Amino acid sequence: MARVVQVTTLELAQKVKAVGRYSVGGVQGGGLTVRVREKARGELSRTWEVDTRKGGSRKAWALGAYAGRIGEAGLMLKDARVKAQAILTAWNDEGRDIVQEEKDAQTAEREKAEEVPETMTAVFPQWIAFRKGQGARKYVRDFDAMQARFDEYVKPLIGEKKPREVTAADVAAILAPLTASAPSVLEKVQGFLRQFFRWCMMEENGYRGMLQGNPATSENLKDRLPPRSTWAKKGHYAMCPLKDLPRFVKYLTEGGRLDTVGAMACLFTILTASRFSNIGQSAAERNQNYAVWEDIDLTGKVWQIPAEKMKVPDNGAHAVPLSTQAVAILERVQKLGLTGDKAVFLNSRGSVVSDGAFAALIRKVSALDIAAGGTGFLDPENGNKVMTMHGTARAGFRTWGSDELKNSELMETALHHKREELGRSYLRSDMFKARAQIMQEWGDFLFGLCAPDWAAVKP
């Protein structure tokens with residue numbers, strides 16, 4: 001077969017203005033062309049065709065309408081090449097006609113549709129059941145939230161459509177309003193829809209053809225959603241009010257809760273004003289930046305976190321002064337055996353403590369406080385949302401420092417934030433000694449309501 005020079009989208013757009021057959025190149029094992037025909041009223045129709053020769057006979061497939069620009073119905077050049085290559089590879093390497101296979105599957109699915117509902121509303125719970133069946137225990141708490149968001153945002157628009165009928169434009173219609181009101185919800189909805197459609201496209205499920213692609217990927221949505229620069233800003237993480245924080249800490253040291261790794265990791269996070277990623281392991285991301293013993297010097301009362309483990313590595317390594325309370329937590333972890341040779345905080349299954357443990361603990365303690373006649377640990381400046389560990393450990397520490405008139409430079413350094421450019425060239429100190437004093441005062445404030453022997457390991 002003669003070599004065909006690849007043409008660009010612009011070059012092709014100029015060629016297809018006249019009747020004819022135009023080769024575009026860019027595929028292996030066959031040819032890809034645009035066929036232009038004149039219809040009855042003098043209008044032109046443009047369709048994609050792919051063909052190959054095997055054993056002396058020619059095999060051809062129609063790929064659908066040609067689209068010359070974004071938004072026009074049909075396949076653009078890039079997508080046509082991808083689709084054509086998939087067809088040619090399957091035919092030449094495996095002898096499979098995946099176009100016919102998909103037609104047969106669709107026929108079978110149509111026949112089956114009368115017996116089994118295959119709408120988005122009917123199929124989505126099947127995917128939820130599949131995920132639960134995988135035994136992903138860390139994600140169980142999210143399934144109800146996924147279903148609730150599906151019912152609120154997805155079902156009203158495309159609930160009666162079948163997965164194979166949903167387009168990227170449909171998904172964009174769901175997500176676009178959220179760019180102005182709740183971008184964090186947008187990311188969650190897009191995330192589970194992307195996973196759902198990937199499952200639908202699995203051969204054994206057959207709810208959506210592989211050649212249709214996934215309509216919820218960022219690649220397919222990037223030209224259909226407003227630019228990110230126009231999206232609403234995300235809200236702040238909910239913080240435990242400072243007046244309630246010593247009471248929250250007291251709860252964690254009572255009722256046997258301090259014998260759990262979740263409570264000790266939680267207290268250590270607040271005491272060191274740390275990000276969770278430097279303490280435990282996110283169930284979703286499985287990060288490797290969690291606390292390890294080799295970075296901790298109990299004698300010197302310092303936690304040396306390498307730069308590559310920090311959120312902003314360019315800010316350098318982070319030396320965290322350990323208060324007497326933080327050291328007591330670490331010693332208690334060792335005495336109780338809730339640790340490992342490497343990771344500092346391990347759960348009962350031997351895995352690094354997860355963010356789910358923190359969230360569950362906070363909800364439980366807040367409920368206990370309300371049952372005891374308290375207000376719970378809610379953030380009144382954030383819609384009375386339940387406090388979060390990130391908001392409390394980071395924003396709580398910074399707010400306390402401001403209230404106590406602590407040096408702003410010291411507080412920002414303690415949070416591993418980049419200091420002001422002016423004068424940085426001449427300021428080489430990390431102010432460790434001064435920060436150690438601040439961290440001790442912070443620890444004394446947090447544990448102000450606790451019993452003197454709160455850290456003792458009792459039989």
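The values are calculated or read from the model by the stated rules, or taken from the named source; none is laboratory data. Since the structure is predicted, the reported quantities are computational estimates derived from the model, not experimental observations. With ideal geometry, Cβ positions are generated from the backbone for all residues, glycine too; neighbour counts draw on all protein chains shown. Surface areas here come from the heavy atoms of the whole protein model, side chains and all, with no ligands, DNA or RNA. Shrake-Rupley method; radii C 1.70, N 1.55, O 1.52, S 1.80 Å.
Report the Stokes-Einstein translational diffusion coefficient (µm² s⁻¹, integer) for the stretch 283-384, Rh taken as the Kirkwood radius over Cα pairs, at 10 °C with viscosity 1.306 mPa s. Working shown, then result.
Values: Rh = 16.1 Å.
After rounding, the answer is 99 µm²/s.
What dipole magnitude, in Debye to the nearest 20, does the chain give about its Cα centre under +1 on Lys/Arg Cβ and -1 on Asp/Glu Cβ? Before the final figure, lay out each step's value.
Values: 66 positive and 55 negative charges, 227 e Å.
Roughly 1080 debye for the chain.
Whenever you get a sec, compute what percent of the accessible area on the chain sits on carbon and sulfur atoms (1.4 Å probe). Present the calculation step by step, with values, prior to reporting the outcome.
Values: 12580 of 24450 Å².
Percent of accessible area from carbon and sulfur atoms in the chain: 51.
Among the lysines in the stretch 325-459, how many pairs, 8 or more places apart or on different chains, have alpha carbons under 28 Å apart?
Lysine pairs meeting the criterion: 10.
Assuming 0.36 nm per residue, please report the length gained on full extension of the stretch GLN334 to ALA105 beyond their Cα-Cα distance. The partial results should precede the final answer.
Working: separation 229, 0.36 × 229 = 82.44 nm, distance 5.87 nm.
Contour length minus Cα-Cα distance gives 76.6 nm.
Averaged per residue, what accessible area in Å² does the stretch 128-223 show with a 1.4 Å probe, protein chains only? Write down the numbers at each step before the final one.
Numbers: 4790 Å² over 96 residues.
I get 50 Å² per residue for this part.
Between the helical axis of 183-200 and the dominant principal axis of the chain, each derived from Cα atoms, what acute angle in degrees is found, rounded to the nearest 10?
Approximately 50 degrees, to the nearest ten.
Based on the Kirkwood radius over alpha-carbon pairs, what is the Stokes-Einstein translational diffusion coefficient of the stretch 24-183 at 20 °C with 1.002 mPa s viscosity, in µm²/s?
Values: Rh = 19.4 Å.
For the chosen part, D equals 110 µm²/s.
Taking Cα atoms, how many degrees apart are the long axis of helix 355-371 and the longest axis of the chain, rounded to 10 and kept between 0 and 90?
With rounding to tens, the tilt is 60 degrees.
For the stretch 326-389, report the accessible area per residue in Å² (1.4 Å probe, heavy atoms, rounded to an integer). Write down the numbers at each step before the final one.
Details: 3130 Å² over 64 residues.
Accessible surface, normalised per residue, equals 49 Å².
Kirkwood-based Rg over Rh for the chain (C-alpha set), two decimals? Please report the intermediate quantities before stating the final value.
Working: Rg = 29.7 Å, Rh = 26.8 Å.
Using Cα coordinates only, the ratio equals 1.10.
What does the accessible area per residue of the stretch 226-276 come to in Å², with a 1.4 Å probe and no ligands, DNA or RNA counted?
Working: 2180 Å² over 51 residues.
Accessible area per residue: 43 Å².
So what is the orientation-averaged projected area of the stretch 153-279, using the convex hull of its C-alpha atoms, in nm²? Let's see the in-between values first.
Details: hull surface 48.8 nm².
Spelled out: convex hull of the Cα atoms, projected over all directions, averaged, 12.2 nm².
Based on Cα coordinates alone, diagonalise the gyration tensor for the stretch 346-459, multiply each eigenvalue by 5, take square roots, and list the semi-axes in whole Å, largest first. Intermediate results must be reported in sequence, preceding the final value.
Values: eigenvalues 194, 70, 56 Å².
Semi-axes from the Cα gyration tensor: 31, 19, 17 Å.
Considering lysine pairs in the stretch 1-84 that are 8 or more places apart or on different chains, how many have Cα atoms under 25 Å apart?
Number of lysine pairs found: 10.
Using C-alpha positions alone, give me the convex hull volume of the stretch 155-206 per residue in cubic angstrom.
On the way: hull volume 3.6 nm³, N = 52.
So the per-residue hull volume is 70 Å³.
Mind checking the angle between helix 140-149 and the chain's longest principal axis? C-alpha axes, 0 to 90 degrees, to the nearest 10.
60 degrees
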